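Notes for the one structure printed next.
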Amino acid sequence: MTVLMLRPATLDDMIHVQAIYAHHVRTGTGSFEIEPPDLTEMKRRMGEVIERNLPFLVSEVGGFIAGYAYANLYRPRAAYRFTCEDSVYIDPAYQKQGIGQALLSALIEGSAKSGFKQMVAVIGGSDNLGSIRLHERNGFERVGLLPKVGFKFDRWLDSVLMQRAL
């Protein structure tokens, strides 16, 4: 792998971010969305993250966007204002190369600098071992399981809840 660079996402990156996410929506259980959001929606989501002073990052390998990660509010109610939720998605051609680790580490650091105190991961599918292990390696502990709360690809899916202090 060539040199990995992490940086804040730009609006120009969103076409690549949207394509990565669309792949995961169509083929995986990490997201419970059924239809991928379009580019306009992905730009709106990025703007929401940036307005909240939370990180929205991309990873570049050889000038190509290989993955992205962002943090957003865990829940909109005021009492949750110091808790954020992470999202990490990697282009399938770049999985298992340490990109998720680099992105999540930077996301944790950036969220802490923004004043957040807790980070939550809501992982789609209890069989999503790659994501579960990534979060464990970054200090997250499993704090809950919501059995069979999602239905995708003609099967019921759990949500695994993980959490770490920032």
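List of remarks:
- Residues in region 1-21 that are part of a strand (DSSP E or B), of a type in the set (A, V, I, L, M, F, W, C) and surrounded by fewer than 14 Cβ atoms within 10 Å (Cβ to Cβ): Met5 alone.
- Those residues of region 66-114 which are of a type in the set (Asp, Glu) and in a helix (DSSP H, G or I), in sequence order: Glu109
- Residues satisfying the stated conditions in region 106-134, i.e. farther than 23 Å from Ala19 by Cα and polar (S, T, N, Q): Ser111, Ser114, Gln118, Ser126
- Looking only at region 131-154, residues that are touching a strand residue (DSSP E or B) at 6+ places or on another chain (Cβ under 9 Å) and surrounded by fewer than 16 Cβ atoms within 10 Å (Cβ to Cβ) come to 12 in all.
- Residues of region 65-83 satisfying the condition of being free of Cβ contacts under 8 Å to residues at least 60 places away in the same chain and within 16 Å of the chain's Cα centre (by Cα): Ile65, Gly67, Tyr68, Ala69, Ala71, Asn72, Leu73, Tyr74, Arg75, Thr83
- Applying the condition of being over 15 Å from the mean Cα position of the chain (by Cα) and acidic (Asp, Glu) to region 39-64 and asking which residue is farthest from Gln18 (Cα to Cα) yields Glu51.
Every read-out reported here was derived from the displayed coordinates using simple, explicitly stated rules and does not represent laboratory data. Computed from a predicted model, the values in this text were never measured in an experiment. Glycine also receives a Cβ, built like all others from the backbone with ideal geometry; neighbour counts cover every protein chain displayed.
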